[in-house]
């Protein structure tokens, strides 16, 4: 359940300001948390694509849980390498994918070509920089942002989504601390001499929507998502940039942490991962 307070006790809180404050704290503690910058590497983007293919049942669950038909037009915000956009494109008339990271865009174009997909337009911009009238062919039947809510001003981001949608908006986000929040909580003081601050979660998002007069449907589901690596060196290559482990001392700290945290599974090394995830969706009112 979403832990939100009553309107009487919360009326003086600006939940968008709370979102912005927590996002600022997260970016100050972890200067790599500027989401697009993490995925500029084509290698990272391809790894993400491959991981999603192994867990394609999760993608299918998202598609099945979205109100679409063969004539639908979809706007996918923060589309990554096309893990949702490409399978959506096989079932709808058109998809517009907003994705700023070059690595992600490159992999998406490659996978589109491999699968003969030609009904996706890619807008290589941050959502904050998108002009709905100039950059998009709005309105869309469905606007979806799946674990891509890295915007500082979430209220402005949602208002733009409402502008781009003719009917549905679907948001996926996290509830409570994730396994990587705990991981960086343990590592950050040792690596960087400062505390790690997690970003805002779905409790804040819900209250932002509530203050906007939006009362979304909400469903919550846990997810286990162990990260697999062929060996410790591959794990280091992947995780060192995320940990901002640049010096030999920092890399030694990270390597020792991974040795203790990872376990062998089916001939690979796995780093345990889990989170509680939230889906919020609503139908746009005619007056909007």
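The single condition among (1) touching a helix residue (DSSP H, G or I) at 6+ places or on another chain (Cβ under 9 Å); (2) surrounded by fewer than 17 Cβ atoms within 10 Å (Cβ to Cβ); (3) at pLDDT 95 or above that residue 252 does not meet is (1).
Residues that are in a loop (DSSP other than H, G, I, E, B) and within 15 Å of residue 158 (Cα to Cα) within the range 116-137 comprise 126, 130, 131, listed in sequence order.
The condition of being in a helix (DSSP H, G or I), at pLDDT below 95 and exposed (fewer than 15 other Cβ atoms within 10 Å of the Cβ) holds for only one of 194, 237, 259, 190, that being 237.
Look at (1) surrounded by 15 or more Cβ atoms within 10 Å (Cβ to Cβ); (2) within 25 Å of residue 51 (Cβ to Cβ); (3) in contact with a helix residue (DSSP H, G or I) (Cβ under 7 Å, 6 or more places away or on another chain) and you find that residue 157 fails only one, number (2).
Within the range 64-90, take every residue that is within 21 Å of residue 131 (Cα to Cα) and outside any loop (DSSP other than H, G, I, E, B) and give me the one that is nearest to the chain's Cα centre (by Cα). Looking at residues that are within 21 Å of residue 131 (Cα to Cα) and outside any loop (DSSP other than H, G, I, E, B), I get 77.
Inspect all residues belonging to the range 77-89 and state whether any of them is loosely packed, with under 14 Cβ neighbours inside 10 Å, touching a residue at least 24 places away in the same chain (Cβ under 8 Å) and in contact with a helix residue (DSSP H, G or I) (Cβ under 8 Å, 6 or more places away or on another chain). Checked against the condition, which is being loosely packed, with under 14 Cβ neighbours inside 10 Å, touching a residue at least 24 places away in the same chain (Cβ under 8 Å) and in contact with a helix residue (DSSP H, G or I) (Cβ under 8 Å, 6 or more places away or on another chain), the range 77-89 yields no hits at all. When each of 93, 27 is tested for being at pLDDT 95 or above and closer than 26 Å to residue 129 by Cα, the lone residue that passes is 93. Taken over the range 210-234, the criterion of being more than 21 Å from the chain's Cα centre (by Cα) and either outside any loop (DSSP other than H, G, I, E, B) or without any contact (Cβ under 8 Å) to a residue 40 or more places away in the chain (or both) is satisfied by 210, 211, 213, 229, 230, 231, 232, 233, 234. Looking at this structure, is residue 108 touching a strand residue (DSSP E or B) at 6+ places or on another chain (Cβ under 8 Å) and in a helix (DSSP H, G or I)? Judged against the criteria, residue 108 is a match. For the range 123-150, the candidate set comprises residues that are within 18 Å of the chain's Cα centre (by Cα) and free of Cβ contacts under 8 Å to residues at least 40 places away in the same chain; within that set, the residue that is nearest to residue 279 (Cα to Cα) is 128. Here the range 162-171 is the region considered, the condition is being surrounded by 21 or more Cβ atoms within 10 Å (Cβ to Cβ) and within 29 Å of residue 274 (Cβ to Cβ), and the residue that is nearest to the chain's Cα centre (by Cα) is 171.
The values are calculated or read from the model by the stated rules, or taken from the named source; none is laboratory data. Predicted model only: the values in this text are computed from it and were never measured. Note that we place each Cβ from the backbone using ideal geometry, even for glycine, and neighbour counts take in every protein chain shown.
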